[in-house]
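For reference, the structure discussed in these notes is given below.
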Amino acid sequence: MATRATHGLYGYLAEFREPWDLIDAAAKVRDAGYTRWDCHTPFPLHGLDHAMGIRGTRLPWLVLCGGLTGLTAALLMQWWMNAHDYPYLISGKPLFGLPAVVPVTFELTVLLSALTTFFAMWGLNLLPQHHHPLFNSERFRRATSDRFFISIEARDPLFQGERTREFLAGLGADAVEPVED
Amino acid sequence: MGTLLTRDTIDNTAHDPTRPQELITGGYDFTSLTDKVCGIVERRGAPRAWWVALGFSSTLAVTMFAMIGYLIFNGVGVWGLNNPVGWGWDIVNFVFWVGIGHAGTLISAILYLLRQQWRTSINRFAEAMTIFAVICAAIFPGIHVGRVWVVWWLFPLPNYQAMWPNFRSPLLWDVFAVGTYATVSLLFWYTGMVPDLATLRDRAVTRTRKIAYGFFALGWRGSNRHWHRYEKAYLILAGLATPLVLSVHSVVSFDFATSQVPGWHTTIFPPYFVAGAIFSGFAMVMTCLIPAREWYGLKSIVTLYHLETMAKIILATGTMVGYAYATEFFIAWYGGNPAEQFAFINRAFGPYAWAYWIMVSCNVISPQLFWFKKIRTSPVALLIICIFVNIGMWFERFVITVISLSRDYLPSAWGYYRPTPVDMLTFAGSFGLFFTLVLLFMRYLPMIAMAEVKTVMPQKHWESKVSRPVGDYHGTNPGDR
């Protein structure tokens with residue numbers, strides 16, 4: 001790590017020991033106007049979304065679309081297969097009756113909603129992404145265990161090298177380090 | 001670590017309303033919790049007992065596959081099926097295993113929506129068990145069709161007769177219900193595990209481990225922008241899985257309830273099956289978890305309080321099941337249908353009375369001991385009673401499936417069903433498969449949901465500064481403080 005020239009700088013990484021300090025610091029980074037930055041925590045921290053100013057995700061709307069697709073597809077499939085393409089007359093029952101198609105319709109609605117939730121969530125998060133500059137930092141390995149981090153990217157319009165570093169240090173971080181791209 | 005283990009015996013089951021419930025004892029902080037849970041997976045070489053258990057389980061599992069091979073080669077005649085009992089242990093085992101698979105999703109979905117924080121210590125284990133139980137369950141309907149090479153006719157795929165499956169058949173609903181349940185449970189389990197897999201990746205010292213865990217961790221880096229969507233997705237999955245978990249055993253019960261066999265044709269079946277499924281699922285979670293917390297020193301993470309709470313759920317659902325047994329008899333009498341009345345008299349006093357009374361003693365009587373706190377908080381007593389519940393719930397399915405079929409309307413067509421050794425070895429083998437998967441899971445995957453447990457852990461040194469825990473479950477917004 002940290003062997004290449006500074007033009008390959010990804011950004012600065014600040015480490016915090018306490019979750020509360022991270023939340024306070026995040027609110028200050030947000031208020032300073034940074035846009036290309038993030039917090040990294042081993043578990044979801046309540047209140048951090050608010051401190052970072054993260055807007056609600058559109059994931060639920062995508063799930064709704066997935067669910068409606070499952071619902072429609074299930075109804076159409078059962079009607080087409082049993083009443084249209086190869087009509088089954090069984091015990092004089094209607095070829096297509098709503099009560100009989102409810103279970104499969106319910107299951108496919110749930111199935112499509114769940115698959116949409118899963119794939120849309122990872123898709124919106126742009127994961128899987130097995131390589132990321134932050135993984136160059138040895139310190140960052142504890143982000144999934146017991147330390148809390150703020151990263152500000154060099155691409156941020158407000159990023160000013162050394163001054164950003166001082167800004168982060170002034171937020172009460174235990175350590176601030178550059179991360180190579 | 002040694003000092004933590006000595007504090008494992010702390011009793012957190014006292015009900016002191018002036019203090020918040022301690023969910024994690026033993027003085028764990030984030031660092032030591034990560035070390036403890038990851039340490040089990042990272043330890044070089046498994047304990048000898050693990051190898052012995054794996055050897056035994058996998059031998060049984062191989063026996064099952066051999067029996068399945070024998071079955072496919074010879075046909076279902078190798079089972080004890082006869083006329084009139086065309087559904088024997090195959091269906092009993094299917095319903096038994098699907099039922100066991102209910103606890104995991106109940107814990108992960110319904111208890112999540114109900115904000116039951118204690119679920120965090122046990123949900124990973126219970127979800128894993130769910131998936132393994134559903135795998136065991138799925139084998140039986142797959143092989144009981146006889147001609148297994150046409151089992152794909154169950155799916156809506158075009159076949160050479162240009163026919164489609166009959167969507168008015170509950171057996172087909174079952175395919176969709178169990179298939180959806182298995183898929184959603186797997187998505188739920190895996191989604192919950194990604195942050196913990198990332199922890200293992202970041203701690204990995206060998207290249208193999210780094211690549212293996214790294215691949216499945218998807219490059220997770222704890223980003224809060226990711227956590228935001230992740231938590232929303234988790235909530236949505238919980239909301240979807242909640243009606244799903246209640247629907248699966250309802251649909252399984254339709255297989256019976258929509259038929260006209262006396263003893264099957266009852267409207268009580270869906271809720272009764274669901275209560276029984278939760279009952280048996282929790283019993284199996286306890287059966288696996290009590291030894292696991294002992295062997296792996298997890299007693300301050302899966303505490304006595306957790307066991308006691310599960311015991312209360314077993315008591316509640318066991319009582320519901322007992323109530324359902326009584327209701328069945330009442331309706332048979334009150335409904336005035338002679339065939340139905342005979343079916344229930346025959347259940348309790350006919351040739352299979354032994355099976356019926358094993359069921360009643362295990363399912364209705366034994367969990368009533370959980371009214372006593374001493375028994376609820378004794379792991380040994382819990383384990384013994386839970387094994388009884390497992391036995392009782394298997395017999396419940398036997399009672400419903402076999403007794404009802406063996407004597408229906410026409411006395412000249414009555415029969416008595418006896419399983420063959422092939423039946424028995426196949427069933428024993430399904431336990432082998434289940435425990436093989438459980439053992440592999442305990443060895444290679446984090447059996448405690450670390451990221452979730454950390455949200456319910458107030459760390460000691462914060463209490464001086466802020467008098468509330470940091471987790472996500474507490475409903476207060478620190479941004480407002």
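The residues of region B:170-208 that are free of Cβ contacts under 8 Å to residues at least 40 places away in the same chain, assigned to a helix (DSSP H, G or I) and not aromatic (F, W, Y), listed by number, are B:L172, B:V175, B:G179, B:T183, B:V194, B:A198, B:R201, B:D202, B:R207, B:T208. Looking across region A:73-90 at every residue that is outside any helix (DSSP H, G or I) and more than 9 Å from chain B (Cβ to nearest Cβ), the one that is surrounded by the most Cβ atoms within 10 Å (Cβ to Cβ) is identified as A:P87.
Here is the figure for region B:214-242: residues that are out of contact with any Cys (no Cβ under 6 Å at 6 or more places or on another chain), at the interface with chain A (Cβ under 7 Å from one of its Cβ atoms) and not in a loop (DSSP other than H, G, I, E, B) total 14. Within region B:427-481, the set of residues being modelled with pLDDT of 95 or more, of a type in the set (G, A, S) and surrounded by fewer than 20 Cβ atoms within 10 Å (Cβ to Cβ) comprises just one member, B:A428. Of everything in region B:400-415 that's touching a residue at least 40 places away in the same chain (Cβ under 8 Å) and outside any helix (DSSP H, G or I), which residue is farthest from B:D90 (Cα to Cα)? The selected residue is B:Y409.
When A:P19 is tested against (1) under 22 Å from the mean Cα position of the chain (by Cα); (2) within 11 Å of chain B (Cβ to nearest Cβ); (3) free of Cβ contacts under 8 Å to residues at least 60 places away in the same chain, just one condition goes unmet, and that condition is (3).
Looking at (1) part of a helix (DSSP H, G or I); (2) buried (at least 20 other Cβ atoms within 10 Å of the Cβ); (3) within 14 Å of chain B (Cβ to nearest Cβ), which is the only condition A:I152 fails? Status for A:I152: all satisfied but (1). Residues of region A:35-72 that are surrounded by fewer than 21 Cβ atoms within 10 Å (Cβ to Cβ), in a loop (DSSP other than H, G, I, E, B) and hydrophobic (A, V, I, L, M, F, W, C): A:I54 alone. Only residues that are among the aliphatic types (A, V, I, L, M) and farther than 19 Å from B:G276 by Cβ were counted across region B:320-367, and they come to 3.
Whether any residue in region B:413-422 is under 18 Å from B:G281 (Cα atoms) and either of a type in the set (D, E) or at pLDDT 95 or above (or both) is what I want to check. Taking every residue of region B:413-422 in turn, none turns out to be under 18 Å from B:G281 (Cα atoms) and either of a type in the set (D, E) or at pLDDT 95 or above (or both).
In region B:441-455, what residues are at the interface with chain A (Cβ under 10 Å from one of its Cβ atoms), of a type in the set (V, I, T) and part of a loop (DSSP other than H, G, I, E, B)? Result: B:T455, single match.
When the residues of region B:173-189 are filtered to those that are within 7 Å of another protein chain (Cβ to nearest Cβ) and either of a type in the set (A, V, I, L, M) or closer than 16 Å to A:L115 by Cβ (or both), the one that is farthest from the chain's Cα centre (by Cα) is B:F176. The requirement of being hydrophobic (A, V, I, L, M, F, W, C), in contact with a helix residue (DSSP H, G or I) (Cβ under 9 Å, 6 or more places away or on another chain) and within 7 Å of chain A (Cβ to nearest Cβ) is fulfilled somewhere in region B:190-206, by at least one residue. Taking region A:22-46 as the range and being among the aliphatic types (A, V, I, L, M) and in contact (Cβ under 8 Å) with a residue 60 or more places away in the chain as the test, the residues that pass are A:L22, A:A25, A:A26, A:V29, A:A32, A:L45.
The values are calculated or read from the model by the stated rules, or taken from the named source; none is laboratory data. As the structure is a prediction and not an experimental result, all values here were calculated from the model. Positions of Cβ are generated from backbone atoms using ideal geometry, with glycine treated the same way; all protein chains shown enter the neighbour counts.
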